[in-house]
Amino acid sequence: MSRPEETLPPDLFYNDRESRKYTTSSRIQNVQSDMTYRALELLQLNGPSLILDIGCGSGLSGEILSSVSPVDGGPHLWVGMDISASMLDIALQKNVEGDLLLGDIGQGIPFRAGSFDAAVSISAIQWLCNAESSEANPQGRLSRFFNGLYASLRRGGRAVCQFYPKNDAQRSLISSAATKAGFGAGILEDDPGTKKSKLYLVLTAGGGQDQGDITGVVKGMSDVEIQDGRRNFRTAGKKGDRRSNKSDITRKKEQMERRGKVTKASSKYTGRSRRRIVF
Amino acid sequence: MKLLTVNFLTCAVKGCKGSAASFPLHFEDAELEQREIGYNPTFLSNILPRLDWDAITTTALELGFTNLPATKPDGSFETADEHKVMRDLHTLLMETEVVQGKMVCRNCGHAYQIKEGIANFLLPNHLV
Ligand SMILES: C[S@@+](CC[C@H](N)C(=O)[O-])C[C@H]1O[C@@H](n2cnc3c(N)ncnc32)[C@H](O)[C@@H]1O
Ligand SMILES: [Zn+2]
């Protein structure tokens, strides 16, 4: 099976058709959601947090972050960044709670220093190893990404990036770019040696004693009780219908108008449904 | 895009890193919508120390909100007044969204378009 990263740049690969295929496959969605729960566990957040989702796609991870219940330290608020307008469009149609940015993480992270408690990225950063244009090379893009990410996290903040390196060379290209940016970094592998094997790059931004040590951060982490954690998270109000649909929004508007606040007139776009974003 | 997010966004253009004028970005032709989201005082307390109050004041004024406290609330919830301040902050930062318009950098003049609440931060290569 050929790697999509080697066929097209991400914004062209994830066009309307591919984005729909990706987000309607329940097999893919299950895998992505399992990895999100795992990443969330590795982040070890200790309360409702502001989280950056790198390569957020249709907002699948974000929906999970929004639905973590107060007893489990949530809900979190997230900002998602993605280079594919088609993917973001699907997130809009789902009316996700987090904010969405159209952006290329290889160009940097456009947030001021210390903005986020944490960052998460599921199946995205290996895309940075492929740069087609002559102006951009993978090293430069990886370094802009990790430098920007490092700065945007508050001191002591963590980032967990699940990724699919093509080979060992890509794996170390990525992890060394992270440590060069100042991160304490480690790679955790779940189900090693099997077809389901998953790699998580676990990063800490300052404040830790693991600074610059590629193995330190994840030492002792492989025996975290994954099973229990996952079950807890799953039952944590995943079904909770917290996002307002059009009628909720309209109701809120009416409320606001009664209270004398000016809100924008309801438009056919209220609820942000089914509208293409074209820049 | 929530006004909370706006308080963290900076200009992405290379030459603007470290320039004081590149934060906050300034709104032009902004259209707003209110969208309800669960009140989460724990989250607000967590985020409060990180807010740039001058920038919030600037943004709020640009968008026509004039009744903001002059200084950052200290995040206590003891009195009814303090509760109300945090509630208002929740409404402004978490429930007020810019759905159309642009954000402009005062340092380089670059305008970031916002459509359907999504800001476009893609840059031409020569600005990266
Ligand atoms: C396999 S999808 C995963 C999407 C989402 N994280 C999930 O788990 O459902 C990879 C995503 O990374 C995004 N991506 C790839 N390269 C990117 C870049 N340079 N900047 C921002 N997003 C990128 C793609 O557009 C795509 O949405
Ligand atoms: Zn600028």
| message | Need one word for the stretch A:74-199: rounded, prolate or oblate. Basis is the Cα gyration tensor (sqrt eigenvalues a ≥ b ≥ c); a/c below 1.5 gives rounded, then a/b vs b/c decides. | response | rounded
| request: For the stretch A:71-102 and the stretch A:184-208, write down the distance between their C-alpha centroids in whole Å. | output: 24
| To the nearest 10 degrees, how steep is helix B:53-62 against the longest Cα principal axis of chain B, on a 0 to 90 scale? | 70
| query | Say each of B:Glu82 and B:Trp53 gets a label point 7 Å from the Cα, pointing the same way as Cα to Cβ; how far apart are those two points in nm? | reply | 1.5
| query | What nm distance separates the two modelled labels at A:Asn137 and A:Ser176, each placed 7 Å from Cα along Cα→Cβ? | reply | 1.3
| request: Taking Cβ-Cβ under 4.7 Å as the only way to count a partner, pick out the unpartnered cysteines of chain B. | output: B:Cys108
| request: Between A:Glu18 and A:Asn46, with labels modelled 7 Å along Cα→Cβ, what's the label distance in nm to one decimal, could you check? | output: 4.2
| request: Figure the gain on full extension for A:Asn30 and A:Lys195 (residue separation times 0.36 nm, minus the Cα-Cα span) and round it to one decimal in nm. | output: 57.8 nm
| remark: Whole-Hz Karplus couplings 3J(HN,Hα) for the stretch A:55-61, θ = phi - 60° and coefficients 6.51, -1.76, 1.60, Gly and Pro as x, run x, 5, x, 7, x, 4, 5
| Using the alpha-carbon atoms, what tilt in degrees (0 to 90, nearest 10) does helix B:80-94 show relative to the longest principal axis of chain B? | 20
| remark: Given backbone amide H placed at 1.01 Å from N, residues whose amide H is under 5 Å from that of B:Phe27, ignoring those fewer than 5 places away on the same chain, are B:Val104
| note | Taking Cα pairs closer than 8 Å and at least 6 residues apart, the relative contact order of chain B in percent is 40
| query | How much mean residue ellipticity at 222 nm does chain B get from its helices, if each DSSP H run of length 4 or more adds -39500 (n - 2.57) and you divide by all residues, to the nearest 500 deg cm²/dmol? | reply | -8000 deg cm²/dmol
| So who's got an amide H within less than 5 Å of the one on B:Lys72, skipping anything under 5 residues away but keeping other chains? H placed 1.01 Å off N, in plane. | none
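Bear in mind these aren't lab numbers, they're just calculated from the coordinates by the rules spelled out. This one's a predicted model, so the numbers in the text were calculated from it and none came from an experiment. Glycine also receives a Cβ, built like all others from the backbone with ideal geometry; neighbour counts cover every protein chain displayed.
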